[in-house]
């Protein structure tokens, strides 16, 4: 069986550890590796990298992983490693990924790929010029709810799609009377924080892969909670946006409205939901569920504020069945990227697509700062704008 060495930088963080190491890399090995063409299989040999030797040693011991180091250069110099993966904080990503590309490693990167479009484009160009394969995590596309939504789109359920409305977020505790469930760097712009930079790259690949390319954005990014308390109990001033409200104009005339907030209390079935309305039907998709209402079963509500609501609106929607077994989306994408590296299988979510996500965040923040609608120029796979 073949073995593929993977340098994993940032596994001491929640996402890097739980989703990428445990539920992806280790889960892949537990199932016997990634199946390749011709029935071959490849196992993954993780090399853990980070700043804290104590945390790395503890994770390595917990899972029986022999290779870990705080020296990124040494890990990249090892000829037994082929792939570099980065799940660090955003402000540390560009320098590390650049080093990996220069070392000739194929690179797989969490989003956003950079803090600025210029840096994101520089990474994409560097990978292209070096001839290394590259990919960006696009996990939301592999959620069961969105996979069902994809099925509806492919089956022509909606007719002509008119609009998309998305709601994402939850209340992140301020850290004083109850510990915050997100790291404090998320709320400091100087450390690469901000919900627009965090979430707009997600909305970029979701919208362009499901509904059409984004042609313009109008956004308002705000800081609702101006002071928080960090992991050490110290108050700090919030310098990044914690909510962003945006309208995206898509190719073909579809209008998408998406609210993103870490200062909203949840009154919906799931932490993220998208409602898609079309001429022939509508759907509401979340992380796992997807419900539909066809035009033939659409009731006729009548506006009458003088009477109580008599229609059980939520009960009038039909559940979309699974009709398939949905695996962990991060693991599925890891398997795709491994096949891309070893078998040259297609992988559409490259650093150029990652740059489009950073571009959308940058233009959204510009729209907010200037109070204007901003057109989104194209970025091609050749990383030309």
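Assorted remarks:
- The residue that is surrounded by the most Cβ atoms within 10 Å (Cβ to Cβ), among those in the stretch 188-217 that are in contact with a helix residue (DSSP H, G or I) (Cβ under 8 Å, 6 or more places away or on another chain) and in a strand (DSSP E or B), is 217.
Per-residue answers, yes or no, for (1) in contact with a helix residue (DSSP H, G or I) (Cβ under 9 Å, 6 or more places away or on another chain); (2) outside the structural domain of residue 49 (by TED's automatic domain parsing); (3) crowded, with 18+ Cβ neighbours inside 10 Å:
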{"position": "91", "(1), (2), (3)": "yes, no, no"}
{"position": "96", "(1), (2), (3)": "yes, no, yes"}
{"position": "109", "(1), (2), (3)": "yes, no, yes"}
{"position": "113", "(1), (2), (3)": "yes, no, yes"}
{"position": "136", "(1), (2), (3)": "yes, no, yes"}
{"position": "152", "(1), (2), (3)": "no, yes, yes"}
{"position": "166", "(1), (2), (3)": "yes, yes, yes"}
{"position": "172", "(1), (2), (3)": "yes, yes, yes"}
{"position": "180", "(1), (2), (3)": "yes, yes, yes"}
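- Any hit, the stretch 302-318, residues being touching a strand residue (DSSP E or B) at 6+ places or on another chain (Cβ under 9 Å), touching a residue at least 24 places away in the same chain (Cβ under 8 Å) and more than 30 Å from residue 124 (Cβ to Cβ): yes
- The set of residues from the stretch 57-89 being part of a loop (DSSP other than H, G, I, E, B) and surrounded by 13 or more Cβ atoms within 10 Å (Cβ to Cβ) comprises 65, 67, 70, 78, 87, 88, 89.
- Of all residues assigned to the stretch 6-20, at least one qualifies as being in a helix (DSSP H, G or I), out of contact with any strand residue (DSSP E or B) (no Cβ under 9 Å at 6 or more places or on another chain) and modelled with pLDDT under 95.
- Residue check for residue 276: touching a strand residue (DSSP E or B) at 6+ places or on another chain (Cβ under 6 Å), within 30 Å of residue 107 (Cα to Cα) and in the same structural domain as residue 222 (by TED's automatic domain parsing): no
- Under the condition of being assigned to a helix (DSSP H, G or I) and touching a strand residue (DSSP E or B) at 6+ places or on another chain (Cβ under 7 Å), the residues counted in the stretch 21-56 number 5.
- Tallying residues that are in contact (Cβ under 8 Å) with a residue 40 or more places away in the chain and either surrounded by fewer than 19 Cβ atoms within 10 Å (Cβ to Cβ) or at positive phi (or both) within the stretch 18-27 yields 3.
- Elements of type strands (runs of 3 or more DSSP E) contained in the stretch 218-287, each with 3 or more residues being in contact with a helix residue (DSSP H, G or I) (Cβ under 7 Å, 6 or more places away or on another chain) and surrounded by 14 or more Cβ atoms within 10 Å (Cβ to Cβ): 243-250, 255-261, 281-285
- Screening the stretch 129-145 for residues that are touching a residue at least 40 places away in the same chain (Cβ under 8 Å) and touching a strand residue (DSSP E or B) at 6+ places or on another chain (Cβ under 6 Å) and picking the one that is farthest from residue 104 (Cα to Cα) gives 145.
The values are calculated or read from the model by the stated rules, or taken from the named source; none is laboratory data. Quick caveat: nothing in here was measured; it's all calculated off a predicted structure. Cβ coordinates were reconstructed from backbone atoms using ideal geometry, including for glycine residues, and neighbour counts include every protein chain displayed.
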